[in-house]
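Enquirer: Structure incoming, see below.
The values are calculated or read from the model by the stated rules, or taken from the named source; none is laboratory data. Predicted model only: the values in this text are computed from it and were never measured. Here Cβ is always computed from backbone atoms with ideal geometry, including for glycine, and neighbour counts include all displayed protein chains.
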Amino acid sequence: MKRIKVVSFLFSMLFLMGCVPTEVIDELQLIHAAGYDYIDGEQVEATVSVPSYKGANQKNPGVIESETISAIGNTSKDIRSQMDSKSPKKLENSKLASVLYSRKLSEGGIFELIDTFSRDPSVGQRMLLLVYEGNTRSLLESHLTIEPEISRYITELVEQNTEYTDLPKTNIHVFLYRYHQEGMDPFLPFLGMSEDKLQVKGLAIFKGDKMVSTISMDESFLFKALVETFSTGTYEIQLDKEDYATFMNLKARTKYSLHYEVGLPVLTAKVKAEGALSEYSGKTLDENKIQEFQVKLKEELKTEIEQLVKKFQELDVDPLGLGFQVKTRTRDWDMDRWASLYPDLKVNVEVETTITHGGISE
Amino acid sequence: MQQPIPARNLVSPVMVLFLINAMQVGVGVLGFPRYVAEDMEYDGWIAVIVSGLITSVMIWVIYDILKKGNGDIISINKELFGKWLGHTLSFLLLTYLLSVTMVVLRTFTEVIQVWIFPNLSTWAITAVYCLLAYYCIVKGFRVVVGVCYFGVLLSLITYLSLIGPIEFMEVRALLPVFNQPADTYLPAIRTMVLSYLGIKMVFIFYPFIKKPETSLKWALLGNALTIFMYLLVSFAAFIYFSPNQLSATIWPLLTMWQIIELPFLERFEYLAIPIWALVILPNICLGLWATSRGYKLIFSINQHQTLIVLLLVIFCLSIVFNTRDLIDRLNTIVSEVGFYITYVFIPILWIVQKLRHKGGSYETNQSG
């Protein structure tokens, strides 16, 4: 008797557990991408891209296209409630893969917009944050021929470029890490249109949460070599007019060291680059030629890295994290003192290059 | 003197490792790196080690008290302080243990609500836990130990999960070491010892161990395992988050889990939090078992009925504490009390017992 009582009580508990609102995937509107645009100093326009499954039946999965919902408001919360009022299904953040900010908006500061995402546990830490040079709403509303679902296209474009080419690893975690770290400034991938194709144009460089400048895709390779422990990328050098070569999978890593000259910190960046020639325009590629390329590569990397560092110093931004390098090598580091030192910091660049082989033909 | 525990209810000394470790590792691991970093920034791992060693010393002290007293805390308190005062002290200690159980349960309920089921009401989660705990405890101490054993095994996923965030780790952030001024060490150690407080449970389960005197090394080993886990988790959190980012993260371990992507599962935390729900279970089972047994000995009442009453008390209380602020305050108060019990009451107890021994009054008391 007693056992029956206990069992029936347990069973009733089991059924009561069902009182949580269910979330059936068909009845949700999963946001795949979002974009924010500048309206005026107070207001932003948000656009979300949700997939719509057209003409799908049991035999034919149909085409996935994207639809958008937009709203204008002061804060993210305000915008969200407006969006909900425009959507027949419940909007869900959990599949959100990339968020775009228009250039104009980024220049005014975007921390508050990012912060709302970092508070939401349903948003993943690998979510991409991107800066787009134009209007993000028209981008999300556009239909590209190559991939009808624009949100997926954007995400894959950036992921491909991070994995195989010159884009350093980014996501919301990396942005927030750099935003909060002393002696480091954040960066985000910078996208734009060239003709009718979406393209990764380089990196948007931030000071705090305000975008101040961009660097090109070529500079982005150098950038990646300087900030990541192991990085691979593509690099092209030219000997003469018709004599150029491309290095695919050029592996680079940088070691920093610090010493003092007359009481001022001097940072030395030792870049080691190793790679294979994969494209060559000339006729024969012999030992001498490879040697020539090696020297040329070394010189070019050195001057370009120096220029890049100089550029950041002139802009008074530190996306390379040079301050962080100094901070972790100094006792009782003082952020304010560093801020005054940084623009005139002496940075030595040393480059070492190795060319492993010249492809499969001579 | 108390009734001796029947031999079939005893557990082997090795199990003390799991009992100690299961009691220490709980909801605290999910959030502690942030608190140490607040006191001592990224030198906080030093405090993790030092406070772990201090805890080892306290385990030795507790064992010393129990060895001399040859029984549990209730009989020792009774012998040293007399029936009334002794029982009052034991009662307060047990009530503290009960409130720890409550805090653990309520804090983890909050984790489930924030991370997985925002709409699930508190009572539903606590009810499930209370039923599970009842089911385990009612079958006796050996089942509780079994739960602890599995809790410890499951908590090992933490080590695996730390591999995931390595991709984004900035090891340089730990440098330069020993950069913090000397006066930050004490507050940081004081904060950190709170994460090791579970050791008081030994006071109750000591008589349930076969040849309990031999289990000291297992207790120390269990504590060492906790130190190791805390150390790895704090290292991982320090190199994964930047300082200001960490201070804005309530549950660093959970946020780190968010970056892990498995081929078959996009979000690791949805797997890890349910596993963690079972790591929490030994805390609750052991806490309730210890308090119900303790109250039984003090008031000479039925343990089964006591357990049901305690479960109801916990169930009702956890519904009362319904905001983040309240839970936080409850957490602070309980750990504050726990600190004083461990580092004031236990040393006093130890000294009083020593003095009694020297005075020779112990022998006369024992017969009485």
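Enquirer: If only one of A:Gly202, A:Gly208 is without any contact (Cβ under 8 Å) to a residue 40 or more places away in the chain and in the same structural domain as A:Lys104 (by TED's automatic domain parsing), which one is it?
Expert: Just a single option satisfies the conditions, and that option is A:Gly202.
Enquirer: Right, next: When you look at B:Leu186, is it under 19 Å from B:Gly26 (Cβ atoms), free of Cβ contacts under 8 Å to residues at least 24 places away in the same chain and out of contact with any strand residue (DSSP E or B) (no Cβ under 9 Å at 6 or more places or on another chain), yes or no?
Expert: no
Enquirer: Under the condition of being crowded, with 16+ Cβ neighbours inside 10 Å and under 21 Å from A:Arg331 (Cα atoms), which residue from the stretch B:185-196 is nearest to the other protein chains (Cβ to nearest Cβ)?
Expert: If we take residues in the stretch B:185-196 being crowded, with 16+ Cβ neighbours inside 10 Å and under 21 Å from A:Arg331 (Cα atoms), then B:Tyr185 is nearest to the other protein chains (Cβ to nearest Cβ).
Enquirer: Return the residues of the stretch B:131-144 that are among the aliphatic types (A, V, I, L, M), surrounded by fewer than 22 Cβ atoms within 10 Å (Cβ to Cβ) and more than 8 Å from chain A (Cβ to nearest Cβ); say none if nothing qualifies.
Expert: Passing the criteria: B:Leu132, B:Val138, B:Val143.
Enquirer: Here's something else I'd like to know. What is the one condition in (1) surrounded by 15 or more Cβ atoms within 10 Å (Cβ to Cβ); (2) in contact (Cβ under 8 Å) with a residue 60 or more places away in the chain that A:Lys296 does not satisfy?
Expert: (2)
Listed here are the residues, each with its yes/no results for (1) more than 26 Å from A:Ala276 (Cβ to Cβ); (2) more than 11 Å from the chain's Cα centre (by Cα).
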site: A:Ile154; (1), (2): yes, yes
site: A:Thr165; (1), (2): no, yes
site: A:Ile172; (1), (2): yes, no
site: A:Gly183; (1), (2): yes, yes
site: A:Leu188; (1), (2): yes, no
site: A:Leu222; (1), (2): no, yes
site: A:Glu228; (1), (2): no, yes
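Enquirer: A further question follows. Please determine whether any residue of the stretch B:97-120 is more than 10 Å from chain A (Cβ to nearest Cβ) and free of Cβ contacts under 8 Å to residues at least 24 places away in the same chain.
Expert: Yes, the stretch B:97-120 contains a residue that is more than 10 Å from chain A (Cβ to nearest Cβ) and free of Cβ contacts under 8 Å to residues at least 24 places away in the same chain.
Enquirer: Can you tell me how many residues within the stretch A:217-257 are under 26 Å from B:Glu167 (Cβ atoms) and either assigned to a strand (DSSP E or B) or touching a residue at least 40 places away in the same chain (Cβ under 8 Å) (or both)?
Expert: Number satisfying all stated conditions: 28.
Enquirer: Suppose the filter is in contact with a helix residue (DSSP H, G or I) (Cβ under 6 Å, 6 or more places away or on another chain) and part of a helix (DSSP H, G or I); does A:Leu176 pass it?
Expert: When the stated conditions are applied, A:Leu176 passes them.
Enquirer: Taking into account only those residues within the stretch B:46-57 that are of a type in the set (A, V, I, L, M) and buried (at least 22 other Cβ atoms within 10 Å of the Cβ), which is nearest to B:Ile199 (Cα to Cα)?
Expert: Taking the candidates together, the pick is B:Val48.
Enquirer: Additional query: May I ask you to list the residues in the stretch B:91-131 that are more than 22 Å from B:Trp289 (Cβ to Cβ) and not aromatic (Phe, Trp, Tyr)?
Expert: Listed by number, the residues that qualify are B:Glu110, B:Val111, B:Ile112, B:Gln113, B:Val114, B:Ile116, B:Pro118, B:Asn119, B:Leu120, B:Ser121, B:Thr122, B:Ala124.
Enquirer: Among B:Val128, B:Val147, which is touching a residue at least 24 places away in the same chain (Cβ under 8 Å) and either within 10 Å of another protein chain (Cβ to nearest Cβ) or hydrophobic (A, V, I, L, M, F, W, C) (or both)?
Expert: B:Val147
Enquirer: Right, next: Tell me, please, whether a residue that is away from chain A (no Cβ under 14 Å), of a type outside the set (Val, Ile, Thr) and surrounded by fewer than 16 Cβ atoms within 10 Å (Cβ to Cβ) can be found in the stretch B:231-254.
Expert: The answer is yes, given that some residue of the stretch B:231-254 is away from chain A (no Cβ under 14 Å), of a type outside the set (Val, Ile, Thr) and surrounded by fewer than 16 Cβ atoms within 10 Å (Cβ to Cβ).
Enquirer: Going by what's in this entry, would B:Val320 be described as at pLDDT below 90 and away from chain A (no Cβ under 14 Å)?
Expert: yes
Enquirer: So, A:Gly208, is that one more than 10 Å from every other protein chain (Cβ to nearest Cβ), surrounded by 21 or more Cβ atoms within 10 Å (Cβ to Cβ) and more than 17 Å from A:Gln125 (Cβ to Cβ) or not?
Expert: No.
Enquirer: Could you tell me which numbered condition B:Pro13 fails, if it satisfies all but one of (1) at pLDDT 90 or above; (2) part of a helix (DSSP H, G or I)?
Expert: Every condition holds for B:Pro13 apart from (2).
Enquirer: For the stretch B:228-266, which positions are within 25 Å of B:Thr55 (Cβ to Cβ) and of a type in the set (Gly, Ala, Ser)?
Expert: Listed by number, the residues that qualify are B:Ser234, B:Ala236, B:Ala237.
Enquirer: Still on this structure: When you check A:Lys86 against the structure, is it part of a loop (DSSP other than H, G, I, E, B), assigned by TED's automatic domain parsing to the domain that holds A:Tyr177 and surrounded by fewer than 15 Cβ atoms within 10 Å (Cβ to Cβ), yes or no?
Expert: yes
Enquirer: Which of (1) within 14 Å of chain B (Cβ to nearest Cβ); (2) out of contact with any Phe, Trp or Tyr (no Cβ under 9 Å at 6 or more places or on another chain); (3) among the acidic types (Asp, Glu) does A:Asp318 not meet, given it meets every other one?
Expert: (2)
Enquirer: Those residues that are surrounded by fewer than 17 Cβ atoms within 10 Å (Cβ to Cβ) and more than 10 Å from every other protein chain (Cβ to nearest Cβ), I need them from the stretch A:160-185; list them, please.
Expert: A:Gln160, A:Glu163, A:Tyr164
Enquirer: Just need a number here: residues in the stretch B:255-269 that are out of contact with any helix residue (DSSP H, G or I) (no Cβ under 6 Å at 6 or more places or on another chain), facing chain A (nearest Cβ under 10 Å) and not polar (S, T, N, Q).
Expert: 3
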